[in-house]
Amino acid sequence: MNVTGVGAVFARGRGIGSLEEALRKGWVAPSRRPLASSPGKSIPVYSVEEKTITDKAVLKKMRRADRFSKMAVLAAWDAVKDSGIEIDEGGASLGIILATAFGPQVTAFRFLDEIIDHGDASVSPTLFSHSVHNAAASYVASALGNHGPTLTVTQFGLSFHQALILARAWIHEGRCEHVLVGSVEECGTVMEYICSRKLGISEDGRIRPFEFSPSPSAVPGEGSVFLLLSGEDRGQKYCELRGVFLDDESAEGDPDLRILDADGMSEDETCYQEIASQDVPIGGYLPLAGSMLTGSAFHCAVAAVMLRNQTLYACPVQDNPHAVRACNSTEQKNLERIQCVRYGCLHERAVIELGR
């Protein structure tokens with residue numbers, strides 16, 4: 001499968017240009033939000049600004065949509081436009097697969113609050129319809145005028161990996177010519193509370209991918225990333241998606257770069273040290289977007305940009321207590337293979353490999 005388009009909505013902006021600019025400029029401190037459960041305290045959050053998701057031309061039919069759906073629609077729309085591929089409106093040549101760990105949990109909790117405050121007979125049906133996981137994928141299909149298969153996948157830490165596996169099956173079986181695969185997460189007050197209670201929070205706003213700590217620190221993030229995958233080589237492509245390897249499966253040989261999804265969302269990240277070989281450079285770019293269980297999608301977008309530009313970008317946070325071979329500078333380099341590595345909730349390893 002070929003990656004022919006990329007769309008992104010994250011704390012630093014929208015679109016492939018914003019992603020490239022963030023990679024060039026490096027780390028920027030996140031905003032801080034008051035912690036509702038602890039008056040007088042705040043928490044660092046990589047949040048998406050409202051002005052980033054106010055494109056009236058794309059969202060004109062989505063006046064009632066929530067932030068979760070808007071972020072997904074804009075990232076998916078941009079991935080299609082970035083590819084230059086004409087998708088037949090009303091056709092079935094495009095499949096859509098959205099991966100999420102927690103779904104529209106902000107809207108879901110609003111719905112529950114309405115029941116508690118006003119009773120189930122007075123709850124808005126629109127609020128209920130937006131609280132289900134598949135609402136965002138439906139909005140994506142509607143915005144694109146698409147009648148192809150549309151599905152939402154949830155599996156906490158490895159939902160994006162499962163979405164890629166399904167996309168490959170759809171293309172190989174001839175169900176679709178192209179598949180939009182993406183992820184979306186939103187950070188609200190409940191998620192901030194959970195993160196503050198269950199995770200270590202990096203008070204200076206820096207995620208440190210190379211600490212390999214038994215008690216890592218996180219900075220909650222939100223956003224959406226979509227990749228347009230095509231079965232045929234369309235020429236103006238970013239790279240090839242060569243495989244998704246789970247558990248004991250492994251790709252042959254060492255890549256030119258390993259990108260580690262170590263972002264503080266796991267209770268123990270010492271397992272990442274096992275693959276931080278001195279023979280292979282390693283990178284970690286979630287300090288640009290924040291801690292998310294579906295952060296692998298963001299890293300796949302970064303890897304696709306690197307392979308297209310043939311550029312190795314410096315890691316935004318370079319704290320390196322174990323003296324591993326981290327990417328400390330931006331340089332032009334012949335890149336053929338990049339692997340994005342994540343350990344799931346049960347420390348099962350998952351690898352996504354992209355190649356030139």
(request) Please report the base-10 log of the normalised intensity I(q)/I(0) for segment 1-62, using a Debye sum with one equal scatterer per alpha carbon and no solvent, at each q in 0.18 (1/Å). (result) -0.83
(request) Could you give the spread of the C-alpha atoms of segment 126-209 along their three principal axes, from largest to smallest, in whole angstroms? (result) 48, 36, 18
(request) Obtain the radius of gyration and the Kirkwood radius of segment 250-356 from its C-alpha atoms and give Rg over Rh. (result) 0.92
(message) Tell me the mean residue ellipticity at 222 nm calculated for the chain from its helices only (DSSP H runs of n ≥ 4, each -39500 (n - 2.57), averaged over every residue, nearest 500).
(response) -8500 deg cm²/dmol
(message) Using DSSP to call loops (not H, G, I, E or B), can you name the GluC sites (Glu not before Pro) in segment 262-302 whose Cβ has at most 16 other Cβ atoms within 10 angstrom?
(response) 267
(request) For segment 1-133, go through all pairs of different Cα atoms, get the mean of 1/r, take its inverse, and jot down that Kirkwood value in Å. (result) 17.5 Å
(message) Which GluC sites (Glu not before Pro) in segment 1-99 sit in a loop by DSSP (not H, G, I, E or B) and have at most 10 other Cβ atoms within 10 Å of their own Cβ?
(response) 86, 89
(message) I need the fraction of alpha carbon pairs in segment 169-256 separated by more than 15 Å, rounded to a whole percent.
(response) 75 percent
(request) Would you mind getting me the FRET efficiency between residue 215 and residue 322? Use the beta-carbon distance for r and R0 = 22 Å, nearest 0.05. (result) 0.90
(request) Calculate, in nm to one decimal, what residue 332 and residue 173 gain on full extension: separation in residues at 0.36 nm each, minus their alpha carbon distance. (result) 53.5 nm
(request) Could you bin all the Cα-Cα distances of segment 218-257 into 5 Å bins starting at 0 and give me the percent of pairs in each, rounded to whole numbers? (result) 5, 11, 19, 14, 19, 21, 8, 2
(request) Determine by what factor the alpha-carbon radius of gyration of the chain differs from 2.2 N^0.38 Å, reporting the quotient. (result) 0.95
(message) Using a Gaussian network model on the chain with a 10 Å cutoff between Cα atoms, which of 153, 140, 280 fluctuates the most?
(response) 280
(message) Which residues among segment 173-216 fall inside the zone where the amide N is under 16 Å from a point 7 Å beyond the Cα of residue 116, along Cα→Cβ?
(response) 188-194
(message) Sort 7-15, 338-346, 317-325 by packing, meaning the average of other beta carbons within 10 Å per residue, with the highest value first.
(response) 7-15, 338-346, 317-325
(request) Determine, for the chain, the count of lysine pairs separated by eight or more sequence positions (or lying on different chains) whose alpha-carbon distance falls under 19 Å. (result) 14
(message) Give me the dipole magnitude in Debye, nearest 20, for segment 2-355 about the Cα centre, with unit charges on the beta carbon: positive for Lys and Arg, negative for Asp and Glu.
(response) 1080 debye
(message) Loop-only trypsin sites (Lys or Arg not before Pro) in segment 95-198, please: DSSP not H, G, I, E or B, and at most 16 other Cβ atoms within 10 Å.
(response) 175
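Where a number appears in this text, it was derived from the coordinates with a stated rule and is not lab data. Computed from a predicted structure; not experimentally measured. Methodologically, a virtual Cβ is constructed for each residue, glycine included, from the backbone with ideal geometry; neighbour enumeration extends over all protein chains shown.
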